[in-house]
Amino acid sequence: MEFTVEKQAELMMDPVWLLLGLAVLAVSAVFFVMLFKYRIKKRAKRQPVPKPPAKIGESAAKKKALDSIDHIIFDVTHKKIDIRESYQQLSMVMRVFMTEISGTDVMSLTLYEMKNMKLGKFPELVEKWYEPEFAMMTRANFMQDAERAKKLVNKWN
């Protein structure tokens, strides 16, 4: 049996394909380098954490809160908002009031965290409003709760 071995070409493909593959590899490498540089710059430019709101005058905060509560009462009596939304707005108004009065941001605090702070009757009101604020239907009396909120604002010292 006789075997013959013939010389084969060094490259079994056209050199253009090799150059094209290297070009695609180089372009993708440049793309990823630019992407990572952009992400690093974006992380460095993140917004600083906002400072807690400055305490405003007590009388101005009270007036603002009382006006907001009256506006919510007006919307409820004229059927512009439902009871659930009225409690949500009332809770927001009172949280803003407490933030302005105390200088401590209570907007995102849980009920447990508020109870551990010295915030008077405010946590009790918030606790009472949880059910009508989150329930689809409620028997709560919004007008009484709005009056309690107004009393708390007026008596705050």
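Just so it is clear, none of the values below were taken in a lab; they were calculated from the coordinates. Bear in mind the structure is a predicted one, so any value in this text is a computation, not a measurement.
Results, tabulated for the structure shown:
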item: Gained length - Lys118 relative to Lys79, 0.36 nm times residue gap less alpha-carbon distance; result: 10.5 nm
item: The stretch 109-155 versus the stretch 61-99: alpha-carbon centroid distance in Å; result: 12
item: Gyration tensor (alpha-carbon) shape descriptor, the stretch 58-155, a/c threshold 1.5; result: oblate
item: For the stretch 100-157: Kirkwood Rh in Å [reciprocal of mean 1/r, alpha carbons]; result: 12.6
item: Above-threshold pairs, the threshold being 21 Å between Cα atoms, out of Lys63/Lys115; Lys118/Lys150; Lys63/Lys150; Lys128/Lys150; Lys79/Lys121; Lys115/Lys155; result: Lys63/Lys115; Lys79/Lys121
